[in-house]
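*Asks:* Provided herewith is a single structure, encoded as structure tokens, for subsequent inquiry.
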Amino acid sequence: MTSVIIEREGAVAFVIMSGPALSLTMKEGLLKSLLTVAADEQVRAVVLPGSGRAFCVGQELAEHAALAKGPLARPVDGAAGPQPGDLLHRARPGFSG
């Protein structure tokens, strides 16, 4: 199941997140999708809705807790690369949540 999909209505891109909470897979899909729409000059606005009966923008805590204790533990200070929020500081306006 795809956790993030892009839909377009004219110059508006909808980056739709489906799932009960933000998992690592969803965050990777969100970043990839936001980079895709940010590169599209036809997109003038981005809307970030959740889908499903009960979507929450909170973290998938069990998944993150396991990573923090496991062999793949790493700092969460942005050193791992670009984050979705980094795109909000681009010169082209129109991103909203």
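Read-outs throughout are calculated quantities, based only on the coordinates presented, and are distinct from any laboratory measurement. Quantities reported herein were computed from a predicted structural model and do not represent experimental measurements.
*Asks:* Which value, in Å³ per residue, describes the convex hull spanned by the Cα atoms of the stretch 4-70? Don't jump to the answer; show the numbers that get you there.
*Replies:* Details: hull volume 5.1 nm³, N = 67.
Output value, Cα hull per residue: 76 Å³.
*Asks:* Express the relative contact order of the stretch 4-70 as a whole percentage, based on alpha carbon pairs under 8 Å and six or more residues apart in sequence.
*Replies:* Numbers: 89 pairs, mean separation 27.0, N = 67.
The value is 40 percent.
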